[in-house]
Amino acid sequence: MPAAQAMRRRYLRAKDELQTAACRCSDATRVLAVPCGIPRDVIELAKSHPELAARIDYTGMDLDIEVVRAAEDGLRNTCLHARRFVPADALDAAIFPTGPFDLVISTGLGEFLDDNSLRTFYGNVFASLHRGGTFYTSATAQERRSDYLLRAFELDTHYRSLDELSTILAGQPWSRVVLDRDESGLQTFVRAIK
């Protein structure tokens, strides 16, 4: 199914961003994943490149406490420099983890936020990054079969065009933003530099 393949590419890109950030920083690389979900990207990086994982100071944030516990379990035996978990709402600036972070990864949240909430979230991310830090995120395009399944589970999904996504991202003074549509056209990968 094209949508499943596009979702896989989204997580592989997140893993690449982790690896790039860990290679780029001379000290511990501060990473925030929000929502953290099950952090397969970090788990796989730790298995394939333990020397890089040992330089990652990881913070996982998710609204669902059960997901936070599963993320903790998944990373328990990895060689990360440090790990912490925050059960919190990504839209609440008062409890958003304080940075500065070198990298913030967020996949799978924006599709469930309306435009105003997404602007708030992007503002929280921007404030948490250090100058030169990277925000990696994605946006999903509508695909009939996937949309049908999401709606069957009463998930209100927001699909955005490149122009709509660019407009929302422009609410923060990023030094550079790169939008890259995957080969299926179902995912847009965003790399925004503060």
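The values are calculated or read from the model by the stated rules, or taken from the named source; none is laboratory data. The structure presented is a predicted model; accordingly, all values stated were derived computationally and were not measured. Quick reminder, even Gly has a Cβ in these numbers, built from the backbone with ideal geometry, and neighbours come from all protein chains shown. When the accessible area is computed, the model is the full protein with side chains, heavy atoms only, and any ligands, DNA or RNA have been set aside. Shrake-Rupley method; radii C 1.70, N 1.55, O 1.52, S 1.80 Å.
Over the chain, what number does the Rg to Rh ratio reach, with both radii from the alpha-carbon atoms and Rh per Kirkwood?
Values: Rg = 15.9 Å, Rh = 16.8 Å.
With Rh from the inverse mean 1/r over Cα pairs, Rg/Rh is 0.94.
For region 90-141 and region 48-89, write down the distance between their C-alpha centroids in whole Å.
That distance is 17 Å.
Taking K and R as +1 and D and E as -1, what net charge do the other residues with C-beta under 13 Å from the C-beta of ALA54 add up to? All intermediate terms of the calculation are to be shown ahead of the outcome.
Values: positive: LYS47, ARG55, ARG83; negative: ASP27, GLU51, ASP57.
Computed value for this residue: 0.
Do the sum for the chain: with -39,500 (n - 2.57) for every DSSP H run of n ≥ 4, divided by all residues, what is the mean residue ellipticity at 222 nm, to the nearest 500 deg cm²/dmol?
Working: 7 runs with 78 residues, N = 194.
Theoretical 222 nm ellipticity from helices: -12000 deg cm²/dmol.
Test of understanding: what is the full-extension gain from CYS23 to ILE95, defined as 0.36 nm times their sequence separation minus their Cα-Cα distance?
Numbers: separation 72, 0.36 × 72 = 25.92 nm, distance 2.92 nm.
Fully extending the segment from CYS23 to ILE95 adds 23.0 nm.
By accessible area of protein heavy atoms, probe 1.4 Å, what ranking do SER175, SER128 get, highest first?
Details: SER175 85, SER128 5 Å².
These residues rank, largest area first, as SER175, SER128.
For region 5-99, what is the accessible area per residue in Å² when the probe is 1.4 Å?
Details: 4700 Å² over 95 residues.
With the other protein chains kept in place, region 5-99 gives 50 Å² per residue.
Tell me the relative contact order for the chain as a rounded percent, counting alpha carbon contacts under 8 Å between residues six or more apart. Don't skip to the end; give the middle numbers.
Working: 363 pairs, mean separation 40.3, N = 194.
Taking the mean separation of contacting Cα pairs over the length of the chain, I get 21 percent.
Ranked from highest to lowest mean number of other Cβ atoms within 10 Å per residue, what is the order of the peptides 43-54, 12-23? Don't skip to the end; give the middle numbers.
Numbers: 43-54: 16.1, 12-23: 18.9.
Top of the packing list down: 12-23, 43-54.
Between ARG131 and SER48, what is the label-point separation in nm under the 7 Å Cα-to-beta-carbon projection?
The two pseudo-label positions are separated by 3.4 nm.
Once Lys and Arg get +1 and Asp and Glu get -1 on their Cβ, which of PRO100, ALA90, LEU52 lies farthest toward the positive end of the dipole of region 30-101?
LEU52
Which of these, CYS25, CYS36, CYS79, has the largest mean-square fluctuation under a Gaussian network model of the chain (Cα springs below 10 Å)?
Comparing CYS25, CYS36, CYS79 in the GNM, the peak value goes to CYS25.
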